[in-house]
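Enquirer: Pasting a structure below so you can have a look.
The values are calculated or read from the model by the stated rules, or taken from the named source; none is laboratory data. Since we're looking at a predicted model, the values are computed, not measured. Don't worry about glycine lacking a Cβ; one is built from the backbone with ideal geometry, like all the others, and counts go over all protein chains shown.
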Amino acid sequence: MKRVAVLGAGISGLSAANFLIREDIELTVLEKANQVGGLMNTISKEGYQLEMGPNSVMLNNPEFLDLLKDLNLIDSIIYPENEAAKNRFILMGKKPEALPSGPGNLFGNKIIGWSGIATLVKEPFRKAITNKEDESLASFCKRRFSVSLFDNVIDPFVTGIYAGDPEKMSAKYSMKALWEAEKNHGSIIKGLIKSMRTKKADPRQQELPKQKMISFKGGLKTIPELVHSKLGNRLQLNATVNSIQKLPNSYQISYSQNGQSHQLEVDYIISSLPAYAEANLWNNSYGNFSEELKKVHYAPTVSIHLGYHKSHVKNQTPGFGILTRVLEKKSYLGILFINRFFPHNAPAEKDLFAVIIGGSRSPELTQLPQEELISKIKEELAEAMDISGEPELVNYIKWEKGIPQYNLGHEELIKEELFFRKENPTYQVIGNYIHGVSVADSVKKGVLAAKSIVG
């Protein structure tokens, strides 16, 4: 019987473990925390439902769909309110301006402008540079489009989604689909159109819902909790991996749990540990790999939830949220209108906002005293959404190590991980700091890693 250890019970590790449960395998899952799910956690507070990590996930690959089927969650999926999901805003001055929801809305849009439309029309005819090994995401986007389109649209979205700095982010690895579109087709727009056609012809892709954004009545913690219930005594919480010794045909894991030291010998390891934890395991035996892991930057973030009675919020426009441009010099990266796209997260007469602060743009703000930052955010949110009065709900959560960044130089980590994998074919690294940062990417990596063991 194969002996397998999964290190970490975030969504990637849990996805791997869930697949392996059905097999004739001796499985052990080691998790440092006292609960599963990693950043994916949901709490209830004063009648509101709050996501502590991602506020929604994208069901955009077959592996994720298979996981939800296996957990009998397909019929429990909640899709967002259609109009709210389509309406996205960029802050321009003090006023949120709507982004075009489709090609027909481009004309007359204040954010895109006529120069932006001209840029989009010209993109398929711009000369491609396909021999560059890598370049910053900012450089890539400005080259393919324009500075104004980058400043007004691309930068706010990249910062809002990844909390990163486009001047430092690797275009090749942080926006791989765009990079490969230019490399393979000479144009981002041409490449994306061909990619969409290819996906439409794939039977497995056709199984996916048209609306990819999803949640559940009990919040996103529904997924990790269901896997947790299936694992039983295969899961060891409060278990910190201290070292891994490579044996001739196996690995010996040394870990501590509740003050006790333990040894575990296994044939295969799937590791979803964060980069800094993985690095400490290989200081002596794989120094270069360890050093590249230590270079991975995690952008610190703060998320503040604020709940109001709707009578205090004058701006009741349906929408997903607001992103900010650098020149606005706001304290927040974005504001999510939680209950407007997922109404189940707040009472009917209430409004719930999630304000994201920090990231690579303004990490210093995450170090402000909690009350000072909350006061600043309440003021700026009130201005953006025309709010009067005080919130009835305030919730603050800080992630010192938030979203890992795929910055320039990421390729060196890829190379070292590939070398490590060649020397250790029964050890797979699936952390979100490599080969995809999203929840859907993490699920896919976990499932594929598990499948490779089963054969």
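Enquirer: The conditions are (1) free of Cβ contacts under 8 Å to residues at least 40 places away in the same chain; (2) within 30 Å of Ala85 (Cβ to Cβ), and Ser272 fails exactly one of them. Which is it?
Expert: (1)
Enquirer: Hey, which of the helices (runs of 4 or more DSSP H) in the stretch 94-196, taking only ones fully inside, have at least 3 residues that are buried (at least 18 other Cβ atoms within 10 Å of the Cβ) and in the same structural domain as Ser303 (by TED's automatic domain parsing)?
Expert: Details: elements: 113-122, 137-144, 155-162, 171-174, 176-185.
Those helices (runs of 4 or more DSSP H) do not exist here; none qualify.
Enquirer: In the stretch 1-33, what residues are under 17 Å from Ala277 (Cα atoms) and polar (S, T, N, Q)?
Expert: Across the stretch 1-33, the qualifying residue is only Ser12.
Enquirer: A follow-up question, please. Confirm whether Ala5 is buried (at least 18 other Cβ atoms within 10 Å of the Cβ), modelled with pLDDT of 95 or more and outside any loop (DSSP other than H, G, I, E, B).
Expert: yes
Enquirer: Okay, next question. Residues that are buried (at least 21 other Cβ atoms within 10 Å of the Cβ) and of a type in the set (Asp, Glu): find the strands (runs of 3 or more DSSP E) completely inside the stretch 24-86 holding 3 or more of those.
Expert: none
Enquirer: When you go through (1) over 17 Å from Ser303 (Cβ atoms); (2) surrounded by fewer than 17 Cβ atoms within 10 Å (Cβ to Cβ) one by one for Tyr427, which number turns out not to apply?
Expert: Only one criterion is unmet by Tyr427, namely (2).
Enquirer: Return the pair list, or none, for Cβ contacts closer than 7 Å from residues in the stretch 334-352 that are farther than 25 Å from Pro156 by Cβ and without any contact (Cβ under 8 Å) to a residue 40 or more places away in the chain to residues that are of a type in the set (S, T, N, Q) and surrounded by fewer than 24 Cβ atoms within 10 Å (Cβ to Cβ), at least 6 apart or on different chains.
Expert: Hits for this filter: zero, empty list.
Enquirer: Filter the stretch 108-161 down to the residues that are free of Cβ contacts under 8 Å to residues at least 24 places away in the same chain, closer than 27 Å to Gly409 by Cβ and more than 22 Å from the chain's Cα centre (by Cα) and list them by number.
Expert: Lys127, Asn131, Lys132, Lys142, Arg143, Val147
Enquirer: Take the conditions closer than 22 Å to Leu281 by Cα, crowded, with 16+ Cβ neighbours inside 10 Å and assigned by TED's automatic domain parsing to the domain that holds Asn249 and apply them to Ala450. Does it pass?
Expert: Details: closer than 22 Å to Leu281 by Cα: yes; crowded, with 16+ Cβ neighbours inside 10 Å: yes; assigned by TED's automatic domain parsing to the domain that holds Asn249: yes.
So Ala450 passes the test.
Enquirer: Now for a separate question. Go through the stretch 142-172 residue by residue and tally those that are under 22 Å from His297 (Cα atoms) and hydrophobic (A, V, I, L, M, F, W, C). Even if it seems obvious, please write down each step before you answer.
Expert: Going through the stretch 142-172, the residues under 22 Å from His297 (Cα atoms) turn out to be 154-172.
Cutting the leftovers down to hydrophobic (A, V, I, L, M, F, W, C) gives us 154, 157-158, 161, 163, 169, 171.
The total comes to 7.
Enquirer: If you go through the stretch 311-328, how many residues are over 21 Å from the mean Cα position of the chain (by Cα), at pLDDT 95 or above and either crowded, with 24+ Cβ neighbours inside 10 Å or not hydrophobic (A, V, I, L, M, F, W, C) (or both)?
Expert: So the answer is 7.
Enquirer: Any idea which of (1) basic (Lys, Arg); (2) farther than 25 Å from Asp165 by Cβ; (3) part of a loop (DSSP other than H, G, I, E, B) is the one Arg340 doesn't satisfy?
Expert: Single failed check for Arg340: (3).
Enquirer: Of all residues in the stretch 386-413, which are part of a helix (DSSP H, G or I) and surrounded by fewer than 17 Cβ atoms within 10 Å (Cβ to Cβ)?
Expert: Hits for the stretch 386-413 are Glu411, Glu412.
Enquirer: Say we look at the stretch 363-379 and pick out the residues that are aliphatic (A, V, I, L, M) and under 25 Å from His297 (Cα atoms); which of these is surrounded by the fewest Cβ atoms within 10 Å (Cβ to Cβ)?
Expert: Leu368
Enquirer: Which residue, of Ser331, Ser360, is in contact with a helix residue (DSSP H, G or I) (Cβ under 9 Å, 6 or more places away or on another chain), polar (S, T, N, Q) and crowded, with 23+ Cβ neighbours inside 10 Å?
Expert: Ser360
Enquirer: If you don't mind, another one. Of Ser56, Ser115, which residue is among the small types (Gly, Ala, Ser), farther than 30 Å from Lys451 by Cα and touching a Ser or Thr at 6+ places or on another chain (Cβ under 7 Å)?
Expert: Numbers: Ser56 fails: farther than 30 Å from Lys451 by Cα.
Only one candidate qualifies: Ser115.
Enquirer: Quick check on this structure: which one of Ala299, Ala277, Ala348 is of a type in the set (A, V, I, L, M) and assigned to a strand (DSSP E or B)?
Expert: Ala299
Enquirer: Kindly state which strands (runs of 3 or more DSSP E) lie completely within the stretch 206-270 and contain at least 2 residues that are among the aliphatic types (A, V, I, L, M). Steps first, please.
Expert: Numbers: elements: 213-216, 239-246, 251-257, 260-266.
The strands (runs of 3 or more DSSP E) meeting that bar are 213-216, 239-246, 260-266.
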